[in-house]
Structure formats: C-alpha cells, structure tokens
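Single-structure report; data block below.
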Amino acid sequence: MGGRNNLVVFLVPVLITISLSSSVLGIQRNKLATIHVMNSMPKGSGPMQVHCKSRYTDYRMQQVGEGDGYRCDVRERALYYCMAILGRRVASWHAFQPRRDGSRKAVYWLLKDHGIFLSWDNSSWVRKSMWETE
Ligand SMILES: *[C@@H]1O[C@H](CO)[C@@H](O)[C@H](O)[C@H]1NC(C)=O
C-alpha cells in the first residue's frame with residue numbers, strides 16, 4: 001500500500017537532480033548546432049585534412065576536397081576546435097565557442113588562401129584566424 005507513491009516520491013528528486021547536474025555540466029545529447037567547414041582554397045591546392053573535436057566528442061581527421069564541405073554536430077555546450085592541414089600549412093581555430101555563438105544553429109567556416117572566415121548565415125564573413133606554415 002502506498003508503494004507507487006513512495007516510488008514517485010523517490011524518483012522525482014532523483015530525476016530533477018540528474019537533469020540539473022547534466023545542464024550544469026553542459027552535457028546534452030541532442031544536437032545544439034552544426035559546424036560547417038568549406039574548403040575554398042585556390043584550384044590546384046588539392047584536398048585538405050580537417051579534424052574537429054571538443055573535450056567530449058572527437059570527429060577524427062577527414063579529407064575534404066577542393067570546393068567540398070565538411071560538417072559535424074555540436075553536441076555539448078562546450079568549446080569545439082577544428083584544425084586543417086594542407087601541405088605545409090596548418091590552421092586551428094575555435095569552431096564553436098558557447099559565449100560567441102550563443103544559440104545559433106549553424107556556424108560556417110570558409111577556409112581560403114588568405115585566412116579562416118566565420119559566418120552565421122553562410123553569406124557575410126569575418127576573418128578570425130590565419131594559416132600558419134610549419
Ligand atoms: C553555403 O553557400 C554556398 C555558396 O552559396 C553553397 O554552395 C553551400 O552549399 C552553402 N553551404 C551550406 C552548408 O548551406
């Protein structure tokens with residue numbers, strides 16, 4: 001008698017605690033945003049290697065051809081880094097930064113000869129980073 005009520009009385013605080021602590025830690029399973037990376041290097045540059053990760057999620061290295069795009073999901077409200085390698089050139093940048101990108105659903109990156117450009121609408125671009133040469 002009262003067994004079901006006891007279960008509810010026990011479970012509700014447990015569920016509240018779990019949901020509060022996961023939001024405090026910033027860990028969420030759902031997709032918060034998408035990172036798009038586009039290889040817009042000059043013709044003849046060849047494919048580049050792109051690697052994006054956060055401290056929780058690692059998408060590993062992928063090859064992105066000239067004019068091609070790469071994308072990955074932002075799964076946690078955490079900093080995501082991307083890195084690109086093309087021949088002797090290397091770039092690394094903050095691809096998703098919670099304070100900068102807020103609740104935007106997409107962050108676009110254009111990798112061009114003269115830098116790494118950010119857009120939130122895939123149309124107006126701001127240079128955020130530069131290539132380095134090893
Ligand atoms: C971004 O815009 C370019 C040029 O209009 C288009 O080719 C590309 O498909 C767009 N990317 C995404 C992810 O919508």
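The values are calculated or read from the model by the stated rules, or taken from the named source; none is laboratory data. A quick note: this is a predicted structure, and the numbers were derived from the prediction, not measured. Neighbour counts are summed over all protein chains in view; Cβ atoms, including those assigned to glycine, are modelled from backbone coordinates with ideal geometry.
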> Among the residues of the stretch 104-133, which ones are in contact (Cβ under 8 Å) with a residue 40 or more places away in the chain, farther than 14 Å from MET38 by Cα and either surrounded by 14 or more Cβ atoms within 10 Å (Cβ to Cβ) or within 13 Å of the chain's Cα centre (by Cα) (or both)?
Replying inline: ARG104, LYS105, TRP131
> If you go through the stretch 62-83 one residue at a time, do you hit one that is in contact with a Leu (Cβ under 6 Å, 6 or more places away or on another chain) and either closer than 30 Å to GLU134 by Cα or at pLDDT 95 or above (or both)?
Replying inline: yes
> Residues in the stretch 30-58 that are under 19 Å from ARG104 (Cβ atoms) and outside any loop (DSSP other than H, G, I, E, B): how many?
Replying inline: 7
> Can you pull out the residues in the stretch 98-134 that are under 22 Å from GLU76 (Cα atoms), assigned to a loop (DSSP other than H, G, I, E, B) and within 13 Å of the ligand (Cβ to nearest atom)?
Replying inline: LYS105, TRP120, ASP121
>> Between a residue in the stretch 60-83 that is among the small types (Gly, Ala, Ser) and any residue that is in a loop (DSSP other than H, G, I, E, B), which pairs come within a Cβ distance under 6 Å, given they are 6 or more apart or on different chains?
In response: GLY65/PRO47; ALA78/GLY26; ALA78/SER54
> Only one residue in ALA78, ALA84, ALA95 is outside any loop (DSSP other than H, G, I, E, B) and more than 16 Å from the ligand (Cβ to nearest atom). Which one?
Replying inline: ALA84
> Are any residues in the stretch 63-75 more than 16 Å from the ligand (Cβ to nearest atom) and within 10 Å of ALA33 (Cβ to Cβ), and if so, which ones?
Replying inline: ARG75
